[in-house]
Amino acid sequence: ISARRLALTKLRGVRRLRSRFLPAHLFADPSWDMLLDLYDAELAATQISVTLLSASSSLPLTTALRRLDVLEEEKLVSRFEDPSDRRKTLVRLTGEGLDAMEKFFTHYVAQV
């Protein structure tokens, strides 16, 4: 497992631990959760659908779509049609989004 995947796992573990002792809604940050999931998918060389991204961030689909709109406006993510199933929309980090996540994790791993 790469240092970045390990850091990602630990970062998520801290969130789970925190939610055991404190109300999770105090720390809700669905856009960040989406970026983490998309970065994880990038590291694992997998693709993630809008539906799966919505479910993993514990958001209703309509709210997830609004968050994706904002992330797209910021040029951090892009949506595209699944070539093997045109009913599905896939999401990925843009070059700019991937660069930002890489820089974050480079600094994060250096501090942990």
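The values are calculated or read from the model by the stated rules, or taken from the named source; none is laboratory data. All values reported here derive from a predicted model rather than from experimental measurement. When we count neighbours, we look across all protein chains shown, and the Cβ atoms used for this are built from the backbone with ideal geometry, even at glycine. The area values use the complete protein model at the heavy-atom level, side chains included, leaving out ligands, DNA and RNA. Shrake-Rupley method; radii C 1.70, N 1.55, O 1.52, S 1.80 Å.
Of the residues in segment 21-40, at least one is open to solvent by 70 Å² or more (accessible area, probe 1.4 Å) and over 23 Å from LEU68 (Cα atoms). Open to solvent by 90 Å² or more (accessible area, probe 1.4 Å), out of contact with any Ser or Thr (no Cβ under 9 Å at 6 or more places or on another chain) and at pLDDT below 90: does that describe LYS10? Yes; evaluated as a whole, the condition is true for this residue. Among what's in segment 12-46 and is part of a loop (DSSP other than H, G, I, E, B) and of a type outside the set (A, V, I, L, M), pick the residue that is farthest from the chain's Cα centre (by Cα). Per the stated criteria, the residue is PRO23. Criterion first (closer than 21 Å to GLU102 by Cα, under 15 Å from the mean Cα position of the chain (by Cα) and not in a helix (DSSP H, G or I)) does THR9 satisfy it? Spelling it out, it is not the case that THR9 is closer than 21 Å to GLU102 by Cα, under 15 Å from the mean Cα position of the chain (by Cα) and not in a helix (DSSP H, G or I).
Kindly establish whether VAL50 is β-branched (Val, Ile, Thr) and under 28 Å from GLN111 (Cβ atoms). Walk me through how you get there before you give the answer.
Numbers: β-branched (Val, Ile, Thr): yes; under 28 Å from GLN111 (Cβ atoms): no.
Spelling it out, it is not the case that VAL50 is β-branched (Val, Ile, Thr) and under 28 Å from GLN111 (Cβ atoms).
Filtered by the rule that a residue be farther than 20 Å from ALA55 by Cβ, open to solvent by 60 Å² or more (accessible area, probe 1.4 Å) and either touching a Leu at 6+ places or on another chain (Cβ under 7 Å) or at pLDDT below 95 (or both), segment 87-102 gives a lone residue, GLU96.
Every residue, every condition in (1) in a strand (DSSP E or B); (2) surrounded by fewer than 12 Cβ atoms within 10 Å (Cβ to Cβ), yes or no:
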position: LEU53; (1), (2): no, no
position: LEU59; (1), (2): no, no
position: THR63; (1), (2): no, no
position: ARG67; (1), (2): no, no
position: LYS75; (1), (2): no, no
position: PHE80; (1), (2): yes, yes
position: ASP85; (1), (2): no, yes
